[in-house]
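Following: one structure in structure tokens, then a few remarks.
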Amino acid sequence: MSLTIAAHVVGWHGWTGRPKDAQRDVSDGPMDVKTACGLDGGSSVSQDSLGTLVLGEAERALIARRSRVGLFRALASQAFTGMLVVLGAWGIAGKDAGLSALIGAAAYFVPNALFALRLLLGYLGPKRPGSLAFFWGEFLKLLTVAGVVILVAWRWGGWLDWLAFLLGLLGVMKGYVVLLALRRLP
């Protein structure tokens, strides 16, 4: 599995590039490869003569597991924040606002969940997805979201509560903030 994909998938949109315990000032000098990857104690991580990172099977399995857990956590937090916005809109402004918020939340959550499923299925296959597959998938996901927003505006623009719709959309998009608040980012 590509380390680039693992880096993007582990934290979905909020990965900092370093594990929590490796957060440090860059003026400290170069960091050990094992520390930078969050792999310590008996690992078989090494560098070849060109300085390329070489991972053993145990490290690959650990990164793959962290990736899967990170995807599920991100989806769960997005679903949680989306439902909070839907229930808040329903309670404050009524049924139409709640339904508008639900449509907005689904407009981002469904393509995002399908993209996450595609990434998970890629890890189960014999060949791991590359970074190009990740970026094309992200591009198609965002294109789908834009298409759904345009379709909703065209089809139901008359009765849709736009504020609730946009809050539902943004609530799901920023669902990882829940993980940040709980310090649960992988």
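Some points to look at:
- With a simple spin-label model that places each label point 7 Å from the Cα along the Cα-to-Cβ direction, the separation between L120 and A61 comes to 2.1 nm.
- A146-A93 pseudo-label distance in nm [points 7 Å out on the Cα-to-Cβ vector]: 2.5 nm
- Shape category assigned to the stretch 59-186 from the gyration tensor of Cα positions, a/c cut at 1.5: oblate
- Inter-label distance, nm, simple model (7 Å from Cα along the C-beta direction), W162/E138: 2.9 nm
- The length gained by stretching the chain between A76 and K127 to full extension, at 0.36 nm per residue less their Cα-Cα distance, is 15.7 nm.
Values quoted throughout were computed directly from the atomic coordinates according to the rules given, and no laboratory measurement underlies them. Quantities reported herein were computed from a predicted structural model and do not represent experimental measurements. Because the Cβ atoms are built from the backbone with ideal geometry, glycine has one as well, and the counts that use them run over all protein chains shown.
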